[in-house]
Amino acid sequence: EELREAKERAELSDRAKSDFLANMSHELRTPLNAIIGFSQMLVDQKAGPLNPDQKEFLSDILKSAEHLLEVINDVLDLAKVATGKLELKAQSFSLREAIAETCGIVKPMADERNVTISVDASIHNDLVTLDPLRFKQVLYNLLSNAIKYNHANGNVKVGVTVDGQKQIQLQVKDTGIGIKEEDLPRIFDDFVQLNIGTTKVQQGTGLGLALTKKILEQQNGSITVASEIGHGSTFTIVLPLASEVHEHA
Ligand code: ADP
């Protein structure tokens with residue numbers, strides 16, 4: 001009887017947490033999208049000309065709001081994984097196209113640091129059945145790290161192969177600052193950020209890799225890392241070509 005009551009209480013609090021997150025997501029994202037939309041319009045001088053200071057300050061507002069939106073989205077995704085509510089919608093898509101699209105999204109960031117990205121995806125059949133948005137989110141996280149923690153004029157190599165076990169192996173290799181051996185086991189934990197204050201780049205939230213790992217594991221995939229300090233890091237993900245879709249109630 002006691003166990004049954006405890007279970008009911010736990011389920012109730014779980015539901016309350018999910019409801020809270022769903023509401024919070026809406027309450028935070030709606031005004032934030034207005035801030036992003038309207039500051040973008042002002043920056044584009046749609047409401048009249050700006051002097052250089054005004055333009056600079058508005059660009060700062062826009063950049064910070066976009067960063068905050070990323071943080072909120074990551075926190076909410078992590079909470080969804082924790083409550084088993086991260087829905088995956090598998091559909092057939094081209095790996096090469098998904099990779100090209102994601103490389104396009106990070107290109108401005110790479111150009112800014114003079115980092116070049118090359119892709120080697122010489123596979124015969126590149127159609128997979130996975131959640132395309134989550135696949136691109138994982139790749140985006142790895143690519144943006146490979147750019148952020150790279151040296152200026154460095155490079156990033158993306159390689160994909162499909163093995164006999166019908167598994168995708170995707171590698172993101174950078175020529176960046178690398179990760180100390182003793183730090184490797186903890187970089188996939190929530191909120192872990194290394195080298196705070198030592199890199200000139202804008203720091204993230206320490207959630208990207210934690211979320212990446214959980215999204216992959218939910219699809220029976222995995223992620224590993226090899227790194228040499230000062231020389232670069234290689235992140236390797238393994239994913240089945242097609243994932244079972246686990247729809248949660
Ligand atoms: P962040 O938002 O700080 O980038 P992540 O979870 O994506 O958070 O990464 C956690 C930490 O791991 C980062 O703060 C960084 O110190 C380290 N890291 C991640 N990717 C790389 C990389 N490619 N090269 C060097 N360090 C990395």
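The values are calculated or read from the model by the stated rules, or taken from the named source; none is laboratory data. The shown structure was predicted, so the numbers you read here are calculated from the model rather than taken from an experiment. Cβ: placed from backbone, ideal geometry, glycine included. Neighbour counts: every protein chain shown. With ligands, DNA and RNA removed, areas are computed over all heavy atoms of the protein, side chains included. Shrake-Rupley method; radii C 1.70, N 1.55, O 1.52, S 1.80 Å.
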Residue list for segment 112-135, filter: in contact (Cβ under 8 Å) with a residue 60 or more places away in the chain and either assigned to a strand (DSSP E or B) or under 21 Å from GLY164 (Cβ atoms) (or both): VAL128, THR129, LEU130
From the list LYS157, LYS173, LYS166, exactly one residue is within 16 Å of the ligand (Cβ to nearest atom), more than 30 Å from ASN33 (Cβ to Cβ), in contact (Cβ under 8 Å) with a residue 60 or more places away in the chain and open to solvent by 20 Å² or more (accessible area, probe 1.4 Å). Which is it? LYS173
Only one of GLY232, GLY206, GLY197 is modelled with pLDDT under 90 and near the ligand (Cβ under 8 Å from one of its atoms); which? GLY206
Part of a strand (DSSP E or B), touching a residue at least 40 places away in the same chain (Cβ under 8 Å), within 16 Å of the ligand (Cβ to nearest atom) and surrounded by 15 or more Cβ atoms within 10 Å (Cβ to Cβ): does that describe VAL138? no
When (1) without any contact (Cβ under 8 Å) to a residue 12 or more places away in the chain; (2) among the charged types (D, E, K, R); (3) assigned to a loop (DSSP other than H, G, I, E, B) are applied to GLU182, the one that fails is (3)
So for segment 103-111 (the condition being within 16 Å of the ligand (Cβ to nearest atom), part of a helix (DSSP H, G or I) and within 23 Å of GLN219 (Cα to Cα)), does at least one residue qualify? yes
For ALA47, all conditions in the list (1) open to solvent by 70 Å² or more (accessible area, probe 1.4 Å); (2) in a helix (DSSP H, G or I) hold save one; what is the number of the exception? (2)
Just to be sure before I move on: is VAL71 among the aliphatic types (A, V, I, L, M), within 16 Å of the ligand (Cβ to nearest atom) and open to solvent by less than 40 Å² (accessible area, probe 1.4 Å) in the structure I sent? yes
Taking the condition in a loop (DSSP other than H, G, I, E, B) and modelled with pLDDT under 95, does SER64 pass? no
Of (1) within 16 Å of the ligand (Cβ to nearest atom); (2) open to solvent by less than 40 Å² (accessible area, probe 1.4 Å), LEU130 satisfies all except one. Which? (1)
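Rundown of residues vs (1) under 25 Å from MET109 (Cα atoms); (2) in contact (Cβ under 8 Å) with a residue 12 or more places away in the chain; (3) acidic (Asp, Glu), yes/no style:
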{"site": "ALA34", "(1), (2), (3)": "yes, no, no"}
{"site": "ASP53", "(1), (2), (3)": "yes, no, yes"}
{"site": "ASP60", "(1), (2), (3)": "yes, no, yes"}
{"site": "GLU70", "(1), (2), (3)": "yes, yes, yes"}
{"site": "LYS85", "(1), (2), (3)": "no, yes, no"}
